[in-house]
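Just so it is clear, none of the values below were taken in a lab; they were calculated from the coordinates. In this text the structure is predicted, and so the values were computed from the model without any measurement. No Cβ is skipped: glycine too gets one built from the backbone with ideal geometry, and neighbour counts run over all protein chains shown.
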Amino acid sequence: MFALEGGLRLALHLMISGRLHWRAPSAVLPKRVGLAAFDFEHGTLLLTEKSTHQRAGLHVLADDAAVARLDAGGVEPLGVDTSGFAAAIAREDHTLKRALTDPRLLSGIGNAYSDEILHRARLSPFKRTPSLSPEEITRLHQAAVSVLVEWTERLRALAGDRFPDRVTAFQDGFAVHGRYGKPCPVCGAPVQRVVYAENEMNYCARCQTAGRLLADRALSRLLRDDWPRTIEELEERRVPPGRS
């Protein structure tokens, strides 16, 4: 959010591929990926987007009241207690994956951190919000707080005094997100995935779904009856080393 003289506000949403870069004063806007340059006395802030699908948004707004109307209404996960968190996710009947990433319910949790939160809470991404027990709601809220606080601190420490130029949804310390096929750090089972639209959801079947593999739309349609239903079936179907 940029506050301009005279009351105007600029509201910027980077979406998936938008990035901000701090450069020397009067820096030239990069070709192809450059969207906007903001010149300040001591440097230039560049807005870029490396994607064929340009989704980053920049809104010019009259005042703070107009800014408030952009708010989707979701509560801040770090700003509510367990009862407030429970009330937010109970507003609609969704899968946990969708509930965590719906800005009308919860603010600021995207695809990557929802995977990490669900893994830490040991809950299936496809579990429905009305079916949560009080203990599971508490576990989910505690996982959301711990994951968001932990990664805020880790990323701040990683950036240090530098401008956070290298923003990515994939971090080396993640437990499951972006780690398809790699061992779960808790139980050692291979991390699984469900691919949908342009996103990928990652989870550990042993830790989160009692060993049951969630159907990947593309692969399950292709394999049909050959689609493994459990971690055990998946392990049995692996080709032993040296064989084809």
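Histogrammed with a bin width of 5 Å, the alpha carbon distances of the chain distribute as 1, 5, 10, 14, 15, 15, 13, 10, 7, 5, 3, 1, 0, 0, 0 percent, first bin at zero. Close amide H partners of Leu106, meaning residues 5 or more places away or on another chain with modelled amide H under 5 Å apart, are Val75.
Using only alpha carbon pairs under 8 Å that are at least six residues apart, calculate the relative contact order of the chain and give it in whole percent. All intermediate terms of the calculation are to be shown ahead of the outcome.
On the way: 354 pairs, mean separation 31.1, N = 244.
In percent, rounded to a whole number, it is 13.
Only lysines eight or more places from Lys97 in sequence, or on another chain, were considered; those with a Cα closer than 17 Å are Lys127. Applying 1/(1 + (r/R0)^6) with r as the Cβ-Cβ distance of Glu5 and Ala90 and R0 = 30 angstrom yields a FRET efficiency of 0.10.
Which residues among segment 10-32 fall inside the zone where the amide N is under 15 Å from a point 7 Å beyond the Cα of Phe163, along Cα→Cβ? The answer is 19-30. Suppose a student asked you for the relative contact order of segment 64-173, using Cα pairs under 8 Å spaced at least 6 residues apart; what percent would you report? Computed over segment 64-173, the figure is 25 percent.
Please give the direction-averaged projected area of the C-alpha convex hull for segment 79-141, in square nanometres with one decimal. Show your work: numbers first, answer last.
Working: hull surface 14.6 nm².
For segment 79-141, averaging the hull's shadow over all directions gives 3.6 nm².
Here the scattering of segment 2-68 is modelled by Debye summation over its C-alpha atoms, one equal scatterer each and no solvent; at q = 0.12, 0.15 Å⁻¹ the log10 of I(q)/I(0) is -0.35, -0.53.
Using alpha-carbon positions, what is the distance between the centroids of segment 149-215 and segment 37-86, in Å? Value for the Cα centre distance between the two parts: 24 Å.
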